[in-house]
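For reference, the structure is listed below as structure tokens.
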Amino acid sequence: MSERSIGIRELQQNASAVVSRAAAGEALLITDHGRPVARLVPLGASRTSELLTAGLARAPRAALADLPRPQGASSNTVSEALGQDREDQRY
């Protein structure tokens, strides 16, 4: 999804239409005299999709379920591992 730019004057004059565009899934960058001042995104958009749209994150290359399981057997339970970690950090 690409982000479109819209001036604040157009936003003021066509607020209902602009909000409808955002509700339909369009991300809009609001500008004031050409300077970005705000971003209007659909409410249902997750933080992840916002980061992807802004170019601050990239989509995963594979699904988490497709990753291989760790090799080898665990020798400690989680409680034992935490206890050992705490012991190692004591004076």
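No value in this document is a laboratory result; all are computed from the given coordinates. Keep in mind that this is a model prediction, so the values were computed, not measured. Because the Cβ atoms are built from the backbone with ideal geometry, glycine has one as well, and the counts that use them run over all protein chains shown.
Once region 10-50 is narrowed to residues that are under 28 Å from Pro60 (Cα atoms) and β-branched (Val, Ile, Thr), the residue that is nearest to the chain's Cα centre (by Cα) is Thr48. What's the number of the condition Ser5 fails, among (1) surrounded by 11 or more Cβ atoms within 10 Å (Cβ to Cβ); (2) within 17 Å of the chain's Cα centre (by Cα); (3) of a type outside the set (Asp, Glu)? The number of the failed condition is (2).
Cβ separations smaller than 7 Å between residues 6+ apart or across chains give the following pairs from region 1-25 residues that are closer than 19 Å to Arg35 by Cα to residues that are of a type in the set (Gly, Ala, Ser) and surrounded by 12 or more Cβ atoms within 10 Å (Cβ to Cβ): Glu3/Ala27.
Against the condition of a type outside the set (A, V, I, L, M) and exposed (fewer than 12 other Cβ atoms within 10 Å of the Cβ), how does Arg61 come out, does it pass? Judged against the criteria, Arg61 is a match.
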